[in-house]
Amino acid sequence: MKITFADSFWKSVETMRRHETWWYKTYELFRYKIPSFFRNLWYFRKELWEFRGWDYGFNLRLLSRSLQKTAFVMEHHGNEVEISRMKKVNKIKRSIEILNSFTKSAYIEKAEKELGGLKNLDGWKMDREDTQEERDHNGAVFELAKKIEESDWNELWDILRGQNHQEYLDLMNNLSDEEKEKRDVWNEWHDGSGMRGWWD
C-alpha cells in the first residue's frame with residue numbers, strides 16, 4: 001500500500017513553519033495580539049476597575065464576564081450543530097445566572113420571595129426586641145437562603161465539571177448496533193455541561 005500526502009498537508013506544514021519565524025511573530029503581535037489586548041481591556045474594564053484580591057466574589061465576576069463572551073460567540077457565531085451547541089449555551093447561561101446570584105448576594109432575596117420578607121428590620125431604631133415569631137421567621141429565611149446558596153454552588157460546579165463520560169460509554173455498550181444507528185445517543189445523553197467542552 002502506497003501512502004501519499006495531499007497538497008493541503010504540505011501547505012499546513014509550511015504555514016506552521018512560517019508561524020514560527022520572527023517576522024511572522026512580529027506581524028502577529030501588531031496585527032492580532034495588541035488589538036486583542038485592548039479589546040479585552042475594554043470588555044473587562046468594569047471588572048478590572050473594581051477587582052480586589054481579598055474576596056472570591058471578584059474572581060466570580062471575572063468568570064461571569066468571560067462566560068458571557070463565550071456564550072455570545074457560541075450562540076451567534078458557532079460552527080457546531082445547533083442541538084449540542086445550544087445545550088452548551090444554555091448551561092453557560094445558567095452558570096452566569098448562578099455566578100451573578102453570588103456576586104449580588106441575592107440569596108436572602110430569593111428566600112424572602114418564598115417565605116416573606118424579614119421581620120422587624122428596623123427594630124434597633126425602634127428600641128424594640130424581636131418577638132419569638134419574628135425570630136423564628138427570620139431564622140427560617142436565613143436557613144432557606146443558605147440552602148439555596150449551597151444548592152446553587154453545587155450546581156455550578158456540577159455544570160463546570162460536566163457529566164461522567166463513563167456513563168456514556170456504559171450506555172453505548174448496552175445498546176445493540178441497530179439501536180445505535182436509530183438513535184442520536186450522544187445528544188440524548190449529553191446535557192451541555194462540562195466547561196472543557198465549551199469551545200467551537
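The values are calculated or read from the model by the stated rules, or taken from the named source; none is laboratory data. Note that the structure is a prediction, hence the values are computed from the model and not measured. Note: ideal-geometry Cβ built from the backbone for every residue, glycine included; neighbour counts use all protein chains shown.
So for segment 150-168 (the condition being part of a helix (DSSP H, G or I), more than 21 Å from the chain's Cα centre (by Cα) and surrounded by 11 or more Cβ atoms within 10 Å (Cβ to Cβ)), does at least one residue qualify?
As a first pass, look at segment 150-168 and keep what is part of a helix (DSSP H, G or I): 150-161, 165-168.
Applying the additional criterion that residues be more than 21 Å from the chain's Cα centre (by Cα) yields 166-168.
Subsequent filtering for residues that are surrounded by 11 or more Cβ atoms within 10 Å (Cβ to Cβ) retains 168.
Looking for residues that are part of a helix (DSSP H, G or I), more than 21 Å from the chain's Cα centre (by Cα) and surrounded by 11 or more Cβ atoms within 10 Å (Cβ to Cβ), one finds at least one in segment 150-168, hence yes.
Could you list, in sequence order, the residues of segment 108-131 that are at pLDDT below 85 and either part of a helix (DSSP H, G or I) or not hydroxyl-bearing (Ser, Thr, Tyr) (or both)? Working first, answer last.
Step one: of segment 108-131, the residues at pLDDT below 85 are 119-131.
If the condition is that a residue be at pLDDT below 85 and either part of a helix (DSSP H, G or I) or not hydroxyl-bearing (Ser, Thr, Tyr) (or both), then Lys119, Asn120, Leu121, Asp122, Gly123, Trp124, Lys125, Met126, Asp127, Arg128, Glu129, Asp130 are the ones that fit.
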Which condition breaks for Ile83 when tested against (1) crowded, with 16+ Cβ neighbours inside 10 Å; (2) in contact with an Asp or Glu (Cβ under 9 Å, 6 or more places away or on another chain)? (1)
Any residue at all in segment 84-104 that's at negative phi, modelled with pLDDT under 95, part of a helix (DSSP H, G or I) and more than 21 Å from the chain's Cα centre (by Cα)? no
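Name the residue, out of Glu47, Glu80, Glu97, Glu112, that is closer than 30 Å to Trp186 by Cβ and free of Cβ contacts under 8 Å to residues at least 60 places away in the same chain.
Numbers: Glu47 fails: closer than 30 Å to Trp186 by Cβ; Glu80 fails: free of Cβ contacts under 8 Å to residues at least 60 places away in the same chain; Glu112 fails: closer than 30 Å to Trp186 by Cβ.
The match here is Glu97.
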Just one listed residue, out of Arg135, Arg183, is surrounded by 11 or more Cβ atoms within 10 Å (Cβ to Cβ), of a type in the set (Lys, Arg) and farther than 30 Å from Val73 by Cα, and it is Arg135
